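*Asks:* Please find one structure pasted underneath; my questions will follow.
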């Protein structure tokens, strides 16, 4: 679909999470977080809320880009991963 799989650098908590360690891609980091939640083990420490927030942002971004791609959108959009929240901060979709 042309959606980047690199783990975005501004998701610092997710990148720094144990077992993620910045050496895997975004889909695997998202899956790792999901598995830690679904397959909870009592003797394993919980997940930092900031990691959950980063995983939520990443998953939302993937969903949004998937919908845009399926609609064959090729214009500019506001990325959910952008830390710039002002109006007009837009970029081209990754596949354009």
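*Asks:* Computed over the Cα atoms of the chain, what is the ratio Rg over Rh, Rh following Kirkwood?
*Replies:* Taking Rg over the Kirkwood Rh, I get 1.02.
*Asks:* So, one more: Using a basic spin-label model with each label point 7 Å from the Cα along Cα→Cβ, how many nm lie between residue 85 and residue 6?
*Replies:* 2.6 nm
*Asks:* Using a Förster radius of 22 Å, what is the FRET efficiency between residue 71 and residue 25 based on their Cβ-Cβ separation? Nearest 0.05, please.
*Replies:* 0.35
*Asks:* While we're on this one: How do 83-94, 30-41 rank on mean C-beta neighbours within 10 Å, highest first?
*Replies:* Listed from highest to lowest mean packing, they are 30-41, 83-94.
*Asks:* Further question on the same structure: Given an 8 Å cut-off on Cα distances and at least 6 residues of separation, report the relative contact order of the chain as a percent.
*Replies:* Rounded, it is 31 percent for the chain.
Read-outs: derived from the displayed coordinates by stated rules, not from any lab. Because the structure is predicted, anything quoted here is derived from the model rather than measured. We place every Cβ from the backbone using ideal geometry, glycine too, and count neighbours over all the protein chains shown.
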